[in-house]
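Presented below is the structure to which this report refers.
Bear in mind that the values in this text are calculations on the coordinates, not laboratory data. A quick note: this is a predicted structure, and the numbers were derived from the prediction, not measured. As a convention, Cβ positions derive from the backbone with ideal geometry for all residues, glycine included, and neighbour counts pool all protein chains shown.
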Amino acid sequence: MIATAIPAVPDSSARAALQLVDVHKSFGVTPIIRGVSLDVHAGERHAIIGPNGAGKSTLFNLVSGRFAPTSGAILLKGESITGSAPFEIYRKGLARSFQVTNIFPRLSVFENVRCSVLWSLGYGYSFRRRVAMLRDANERTETILERIRLASRRDVQAGVLTYAEQRALEIGITIAGNADVILLDEPTSGMSRDEAAAAVELVRSISRGKTLVMVEHDMSVVFDLADRISVLVYGEIIATDVPERIRANAAVQTAYLGTAVDA
Amino acid sequence: MSEAGRASVLTPSARSLFSRLAPYRLWIAAAFVLVALPYFPGLTGNFGRSLLSQMGIAAVFALSYNLLLGQTGLLSFGHAVYFGLGGYAAIHLMRAISGGLPIPMPFVPLAGAATGLFFGLLFGSVTVRRAGVIFALISLGVGELVYALLRMLPAISGGEEGITANRTAGPHVFGVGLGPQLQMYYLIAFWAFVSAVLMYAFLRTPVGRMCNAVRDNAERAEFIGYDPVRVRLVVLAVAAMFAGLAGGLHALNYEIVASEAAGTGRSGTVLLMAYIGGVANFLGAILGAVTITWLQVSLSDYTSAWQLYLGLFFVLFVLFAPRGLAGLIVMHKEVVRTRAFLGLLRAYAVALLPAAVMTIGAIVFIEINYRRATQPEADPRMALFGIDMDYSTPWPWLAAIALLAIGAWLFRASLPLVASAWERATEAARTTAGGRR
């Protein structure tokens, strides 16, 4: 038996990587998120599930800075990121992927990933050095391309990749900056069974040693990957627990899993 | 040491020099062309050399514009602001040099560049907050504002008449007095070359790559750590700096800067150049600048309706070749080596004949109309293409319309021929590319 370096379920004393404190979000008069409080432990894989329209994507958009919450606080590694711009949150170590593929379509696959490693390596807005000469950036890009299995497609324009390849690139862009908190929005959406299985392995490998929060519809993926699961229903979290207990939770079954089994 | 021994020591270092220079062979070739151009037949006279000078200035300006439009996706309607302000800074510096300031004239364009950079940062901090339509409209507003301000301050701008200076004043470095147009051309060629190299290099830096990323998807750029507003500000400042440098060259070349240098007309012309040249390609801006400058100069010699032709030319490109001249070249690069290319050329030749008929009809129609409308008192007899005609009779009108209609009909009929020849050529290119793999 080989002991894994990271425990499957971190002990309760683990520092919270991400904290949401009574977060509300309304669009006009319509409340979408209605008081969400959540602690995501450092190093865990945390899944957020819930029926369509529950507000999962909105929650991600609040955490990653795409929208500012109407009220409440969001803390990343103990530091407030409430209402910060996406690039500020990213620089504090949180990266996200998108459910609808969000890449740089006219750049090559290699360029997509290389642009995504630049900030983390400290190159910022530099115009003193040529990117071709930045050995660390190019090597890191190659490594990422190997991991997302797109090395053979490196010079292809990203816009002409197949759907599954674009999904892989989407994850590649997200992990390229080596952020320690990663948000994945439906990483297997729209994929065939085989593609989804490959994506699960990819997610497993990239989340090693990191904190992962993901929204996912496919229950087999969720129960396979997640250390803990939060169930979001109509803008409120009705349960947060380990997979076995979520499966057994009566409230969750009526609100969500019951309908999922029937469908 | 013997001769042979020395040669064997030198050869490897010479070889390594060659291999180190190899990636720059296009730039080296361009430098040689720039040096040789004023001695090409037809360009040795003063007219040819001032045409080349004008092209060089336009090329720097168009390249700077393409940093915005092609590389960052920012459509500006006010880029001439930086050209004009750079030009004014340069002309005032030239006057100061005439007054005894010991700065050699060849460095004057740097004052234009500094001024462009300054105003790029100043106006940019307002204009780049948003991209797309909003940026386009704000740039138009800033353009009008600066133009109006210049007109209101004749002491600085000289208004429509402009401010004049003398480029031969000041200390002469290496005997460069800028008196002869040839010297002026070489100075412009030097700065144009340096500008092109620097702009090309800029696009290959981290922030330059992010310009392309922001163009493609500004939102995603935010989620990999970059503030798109900041990226746009950097590129606007750089573009404004080179536009200012072009304005400085303009001041030196013409020894006069008037308010039109910052006007909307010039902003429109540079958009035309970048677009017709092809925005997706770095070299496109140069192609466009050279073509449009040549058209401006040569067309205005033949017809006073030249701006109308330029506009038509632009519309045709937007409709039928949106990737510009560079796009057309790139398109043909793959098929040029295939055997089907000859067939394609033949198809082009077939289509060219009715196209020429159509064009002649259009030109006659435009010219007689233009003359009738703008000079109603003039003699209705004129000569076009060496043929005397009298437009008070219906014959020139009928002939023009007939040529236009017949040409258009035949041209349309020839298009399927071109399309199928193109298909065969691309097919052949695909199979040869496949065979090579």
### Message
Tell me whether the protein assembly as shown comes out rounded, prolate or oblate; compute the Cα gyration tensor, take square roots of the eigenvalues as a ≥ b ≥ c, and use a/c under 1.5 as the rounded threshold.
### Response
prolate
### Task
Report the relative contact order of the stretch B:334-436, percent, no decimals, based on alpha-carbon pairs under 8 angstrom and at least 6 residues apart.
48 percent
### Peptide B:197-210 - average C-beta neighbours from other chains (10 Å radius)
5
## Note on the structure
Counting only DSSP beta bridges with both partners in chain A, the antiparallel fraction in percent, to the nearest 5, comes to 60 percent
### Query
Stokes-Einstein at 37 °C, 0.692 mPa s, Kirkwood radius from Cα pairs: D for chain A in µm² s⁻¹?
171 µm²/s
## Note on the structure
If each K or R counts +1 and each D or E counts -1, the residues other than B:L182 whose Cβ falls under 15 Å of its Cβ total +2
### Message
How shielded is A:104-110 by partner chains, expressed as the average number of their Cβ atoms within 10 Å of its Cβ atoms?
### Response
4
### Task
Choose one of A:L134, B:I91, B:N166: the residue whose Cα lies farthest towards the positive end of the charge dipole of the protein assembly as shown (beta-carbon charges +1 Lys, Arg; -1 Asp, Glu; about the Cα centre).
A:L134
#### Entry: MRE, 222 nm, helices only [DSSP H, n ≥ 4, -39500 (n - 2.57), over chain B, to nearest 500]
-25000 deg cm²/dmol
### Task
Under 11 Å from the Cβ of A:G78, count the other residues' Cβ atoms, weight Lys and Arg +1, Asp and Glu -1, and hand me the total.
+2
### Task
Using Cα pairs closer than 8 Å and at least 6 residues apart in sequence, work out the relative contact order for the stretch A:40-149, in percent.
15 percent
### Summary
Of the candidates A:C115, B:G268, B:P104, the farthest towards the positive dipole end of the protein assembly as shown (Lys/Arg Cβ +1, Asp/Glu Cβ -1, centred on the Cα centre) is B:P104
#### Entry: Positive-end residue of B:L150, B:I329, B:T127, charge dipole of chain B with Cβ unit charges
B:I329
### Query
Normalised by the number of residues in chain B, what is the relative contact order in percent for Cα pairs under 8 Å and 6+ residues apart?
21 percent
### Cα-centre dipole for the stretch B:334-436 with unit charges at Cβ (Lys and Arg positive, Asp and Glu negative), debye to 20
660 debye
### Summary
A:I89 neighbourhood, Cβ < 13 Å, K/R = +1, D/E = -1, net charge 0
### Message
About the Cα centre, and with charges only on the beta carbon of Lys, Arg (+1) and Asp, Glu (-1), how big is the dipole of the protein assembly as shown? Nearest 20 debye, please.
### Response
1500 debye
#### Entry: Net lengthening on full extension, B:T44/B:V126 (0.36 nm per residue, minus Cα-Cα)
24.9 nm
### Task
Tell me which residues come under 5 Å, amide H to amide H, from A:L184 once H is placed; ignore anything under 5 positions away on its chain.
A:S97, A:V213, A:M214, A:V215
## Note on the structure
For peptide A:84-95, the mean count of other chain Cβ atoms within 10 Å per residue Cβ is 3
### Query
Which of the peptides B:361-369, B:39-47 is most tightly packed, and how do the rest follow, judged by the mean count of other Cβ atoms within 10 Å per residue?
B:361-369, B:39-47
### Task
Find how much the distance from B:E334 to B:T432 grows on full extension, using 0.36 nm per residue of separation minus their present alpha carbon separation; answer in nm with one decimal.
34.3 nm
#### Entry: Cβ-placed point charges (K, R +1; D, E -1), dipole of the stretch A:103-178 about Cα centre in debye, nearest 20
200 debye
### Message
Can you give me the distance in nm between label points at B:L312 and A:S205, each placed 7 Å from the Cα along the Cα-to-Cβ direction?
### Response
6.1 nm
### Message
Please give me, ordered by residue number, the trypsin sites (Lys or Arg not before Pro) of the stretch B:293-396 that lie in loop per DSSP and have at most 15 other Cβ atoms within 10 Å.
### Response
B:R337, B:R339
